[in-house]
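**Student:** Just passing along the structure, written as structure tokens.
The values are calculated or read from the model by the stated rules, or taken from the named source; none is laboratory data. Predicted model, so just to flag it, every value in this text is computed and none were measured. Here the Cβ positions follow ideal geometry from the backbone for every residue, glycine too, while neighbour counts run over all protein chains shown.
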There are 2 protein chains.
Amino acid sequence: MPHSSQAENSSRTQTQLRQLVTALDSGTSQQVHHMLRTLSPQSIAHLVESSPPHIRRVLWSLIDEDVDGEVLQELSDEVQAQILEGMDTETMVSLVEGLDPDDVADILQQLPDRVMAEVLSAMSDTDRARVEGVLAYDEDTAGGLMNTDVISVRPNLTLDTVLRYLRRHEDLPDSLDALTVVNRKDEFIGLLPIKRLLTGNPGATVRELMQTDIEPIPADMSDTDVARLFAKYDWVSAPVVDAGGHLLGRITIDDVVDVIREDADHSLMSLAGLDEEEDTFAPVMRAAPRRAVWLGINLMTALLASFVIGQFQETIDKVVALAVLMPIVASMGGVAGSQTLTVVIRGMALGQIGRNNLSWLLSRELGSSMLNSLIWATVIGAIVAWWFNDITIAFIIAAAMIINLLTAAFAGAVLPVFLKAMRIDPALAGGVALTTVTDVVGFLSFLGLATYFYM
Amino acid sequence: MPHSSQAENSSRTQTQLRQLVTALDSGTSQQVHHMLRTLSPQSIAHLVESSPPHIRRVLWSLIDEDVDGEVLQELSDEVQAQILEGMDTETMVSLVEGLDPDDVADILQQLPDRVMAEVLSAMSDTDRARVEGVLAYDEDTAGGLMNTDVISVRPNLTLDTVLRYLRRHEDLPDSLDALTVVNRKDEFIGLLPIKRLLTGNPGATVRELMQTDIEPIPADMSDTDVARLFAKYDWVSAPVVDAGGHLLGRITIDDVVDVIREDADHSLMSLAGLDEEEDTFAPVMRAAPRRAVWLGINLMTALLASFVIGQFQETIDKVVALAVLMPIVASMGGVAGSQTLTVVIRGMALGQIGRNNLSWLLSRELGSSMLNSLIWATVIGAIVAWWFNDITIAFIIAAAMIINLLTAAFAGAVLPVFLKAMRIDPALAGGVALTTVTDVVGFLSFLGLATYFYM
């Protein structure tokens, strides 16, 4: 169960945080400094992300200079931007020194263009060329994810030569599961998996043992598609090529894992009108405006629902029990609709849903909704008949419930597909659009039926 | 943008699905069979998951026998269970032949105990022993994720000897980024990264070059914690040990990626009362009961809100405009609360939130909520004053809005932490608990204030 395990892991972070806060309170930054030295850059980054702004600033100032770049690289974009704010160029250059070009590019993209240009021009020529190679591509594409630390070999070499060539390296790139095979024009022609290199006959050539059934990744493929390919084929790394098939770099699984996390977070956060990169500990002035937009939109849709109710003032005036019961119909529609919406949005994110199976899915949702609406309409009808001792109002709420639950299933299944066709993010707009529909239809069907029977 | 890229990738699946449906409709299963042969097991699995039940059955029957095991292993638990239903033992045994022990264990766990025992006893002794080794551990732990295909070496060997030893293998395990170093008692003592093996002096010993600063994973660690370690340290594989430190197996990143996806899905699906393994194309009779539970719970909480409104029937009878406006206060509270709830639940899933920073987070939420409630109370007050030409009701709705948005922020921040302390999954119960609070407080504050001013 994810739940209990989160507790364990979280408790470790929490213990470290408590020690940290105690040390900071007692004023011994020496002690904090010492504590940070025993932690990995990843653990420090997690502590920074788990701290409110004022502690973040102190923490950052106490991190050793030789790991601060690595810590920065592990932080989310929003927290990075916060730390870089107001930092001078020189500090930035020393900060990013020694990081992978793709990570440097990610960090630089948090900066205003002018500052980015300054930092780039202060870097060494080789470093700048590498980083600019990555910066040429959008952050959300394969080009923006790749590293240029590729080890490539020619097909005519023998394994023995390759092994000797590798031994001349001081260090090899991380996640090296295959060497890239290129021709004279530096065009990708295949991969030589390290395990074939290790088990193959030393006299055999690279050509004999290389894998050629692998399609390299085009530099402009979106990061989400890259992540899906990695997950599908269990890759550890994959080569990236330009439009002409020339080798540009390679993407490794560690960068892909971050993409998978962000994409999975996207639906959850968007449904609440939030951004997937949202910093948990953003200060009030950063958090409030984002929430405001969503609340404002909801206020408009709530007013629309009120306007609908307003059309039935006379009916309510006559039968005040209607006012007591009407939120039930709207609320049930909202819950039923969001269940359908969540299933469809997730299915779309997984690339499972399109025009071919939408009609099946819609009829499944309507079928499931019909069953549920019959059950719960009966239950609410019985409760209301007993509560208000009025069989007419019991019948009205039961009928309105059936109408609204069927509407909810229809809207929940169709809205996201419609929004996507309009190029609007279904996860972001789906929730509001849906509750607008279920509120309006809920009040309209309940109060409309009541007006028909009572007036 | 995840959105546009999903469109591209999804369109490819959709094209394949369309071809498939056309081929199935025209009755040429020969053609479908041919089409499936050109696809990888992963692509076939994706097609199966993207198909309604009746097409799934036909698809499955047309998959080549030599890839059906691999296809099955790629499917989600729920779809696996569906396909295995009613299959005879012999077919199952041939199906799982050649798969990794951890994948076989996953598949067998979908079966009733009796059938599982039958399949196990029909397997070869070696295969059974391997699978039982994994089955001994819970599916959600490191033991359940691991494979037993570890290559281990002794510390006193030279690199040259190790290289010769590896060359004697026909094939090496996938994702092999390091060899495991064990002592005579088979206790884990370190890792020899393949890259050190490749660059190191052939005469050097394993002991000189091995990494000893790596903590092996205990077999009973939860899969979520394992995933967090992989993401944190960018591992490709990691050794698993028993309580005594003896090497049991290794976990590879491809299995961890699945865990990361499921965990990220958990919050999204739970908030709608759904399971993260929910099959998008589950038939009505499977989908409806799950939804019913959630709708039933919501009906109870909606009745509670109605009961609150019922206490104010006289007031509503006197000022019918109250009935028109009251859903606005409840709705705004629900949206504001779910924003806070989502941020806190995600922060908890990332292990960022605990007792140390909760009070900071709570004050940030209250601060942000105060700002927003002032803005939107003013807006709604102005609109209502103009709409109903009544300054008292404008003041009442503004005041109720402030009360409910502050309550929403408090409940959204505190409820998940409270639920977790009660060992209830906050993602599952948080949404309902929250809207109950915001509905009740919304109606109570608005109608209560109205009663005070009008009665």
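**Student:** Mind listing just one residue for me: the one in the stretch A:9-65 that is part of a helix (DSSP H, G or I) and among the hydroxyl-bearing types (Ser, Thr, Tyr) and, of those, nearest to B:Phe230 (Cα to Cα)?
**Tutor:** Here the answer is A:Ser43.
**Student:** Take the residues in the stretch A:116-166 that are among the acidic types (Asp, Glu) and not in a loop (DSSP other than H, G, I, E, B); name whichever of them is farthest from A:Thr89 (Cα to Cα).
**Tutor:** For the stretch A:116-166, the residue satisfying everything is A:Asp160.
**Student:** While we're on this one: Condition check: polar (S, T, N, Q) and closer than 30 Å to B:Leu198 by Cβ. Does B:Ser121 satisfy that?
**Tutor:** no
**Student:** Within the stretch B:209-223, is there a residue that is facing chain A (nearest Cβ under 10 Å) and part of a helix (DSSP H, G or I)?
**Tutor:** yes
**Student:** Ok, one more. Quick check: is even one residue across the stretch A:361-384 within 30 Å of A:Arg228 (Cβ to Cβ), in the same structural domain as A:Ala408 (by TED's automatic domain parsing) and not in a helix (DSSP H, G or I)?
**Tutor:** Checked against the condition, which is being within 30 Å of A:Arg228 (Cβ to Cβ), in the same structural domain as A:Ala408 (by TED's automatic domain parsing) and not in a helix (DSSP H, G or I), the stretch A:361-384 yields no hits at all.
**Student:** Going through B:Thr438, B:Thr407 one at a time, which residue ends up being in a helix (DSSP H, G or I), at pLDDT 95 or above and within 12 Å of chain A (Cβ to nearest Cβ)?
**Tutor:** B:Thr438
**Student:** Can you tell me how many residues within the stretch B:264-284 are in a helix (DSSP H, G or I) and over 17 Å from B:Gly430 (Cα atoms)?
**Tutor:** 1
**Student:** Something else: For residues that are among the hydroxyl-bearing types (Ser, Thr, Tyr) and either under 15 Å from B:Gly144 (Cα atoms) or crowded, with 23+ Cβ neighbours inside 10 Å (or both), tally how many sit in the stretch B:226-261.
**Tutor:** Total meeting the criteria: 2.
**Student:** Take the stretch B:167-191 and flag every residue that is part of a loop (DSSP other than H, G, I, E, B) and within 14 Å of another protein chain (Cβ to nearest Cβ).
**Tutor:** Passing the criteria: B:Arg168, B:His169, B:Glu170, B:Asp171, B:Leu172, B:Pro173, B:Asp174, B:Ser175, B:Leu176, B:Asp177.
**Student:** Working only within the stretch A:194-252, note down all residues that are within 32 Å of the chain's Cα centre (by Cα), of a type in the set (S, T, N, Q) and more than 20 Å from B:His46 (Cα to Cα).
**Tutor:** A:Ser237, A:Thr252
**Student:** Let me ask something additional. Please tell me if A:Arg355 is among the charged types (D, E, K, R) and surrounded by fewer than 22 Cβ atoms within 10 Å (Cβ to Cβ).
**Tutor:** Yes; evaluated as a whole, the condition is true for this residue.
**Student:** So how many residues does the stretch B:375-396 have that are more than 21 Å from A:Pro289 (Cβ to Cβ), at the interface with another protein chain (Cβ under 10 Å from one of its Cβ atoms) and touching a residue at least 40 places away in the same chain (Cβ under 8 Å)?
**Tutor:** Residues meeting the conditions: 2.
**Student:** In addition: Spot the failing condition for B:Leu95; the list is (1) assigned to a loop (DSSP other than H, G, I, E, B); (2) surrounded by 13 or more Cβ atoms within 10 Å (Cβ to Cβ), and only one is missed.
**Tutor:** The one condition B:Leu95 does not meet is (1).
**Student:** If you don't mind, another one. Is it fair to say A:Val284 is at the interface with another protein chain (Cβ under 8 Å from one of its Cβ atoms) and under 30 Å from A:Val131 (Cβ atoms)?
**Tutor:** No: the conditions fail for A:Val284.
**Student:** With (1) under 21 Å from B:Ile309 (Cβ atoms); (2) touching a residue at least 12 places away in the same chain (Cβ under 8 Å); (3) more than 7 Å from every other protein chain (Cβ to nearest Cβ) as the list, and A:Leu325 as the residue in question, which single condition is left unmet?
**Tutor:** Here A:Leu325 clears every test but (3).
**Student:** Could you list, in sequence order, the residues of the stretch A:168-214 that are closer than 25 Å to B:Asn201 by Cα and exposed (fewer than 15 other Cβ atoms within 10 Å of the Cβ)?
**Tutor:** The answer is A:Arg168, A:His169, A:Glu170, A:Asp171, A:Asn201, A:Pro202, A:Gly203, A:Ala204.
**Student:** If you check A:Ala287, A:Ala264, A:Ala336, which single one turns out to be within 21 Å of A:Ser369 (Cβ to Cβ) and touching a Lys or Arg at 6+ places or on another chain (Cβ under 8 Å)?
**Tutor:** A:Ala336
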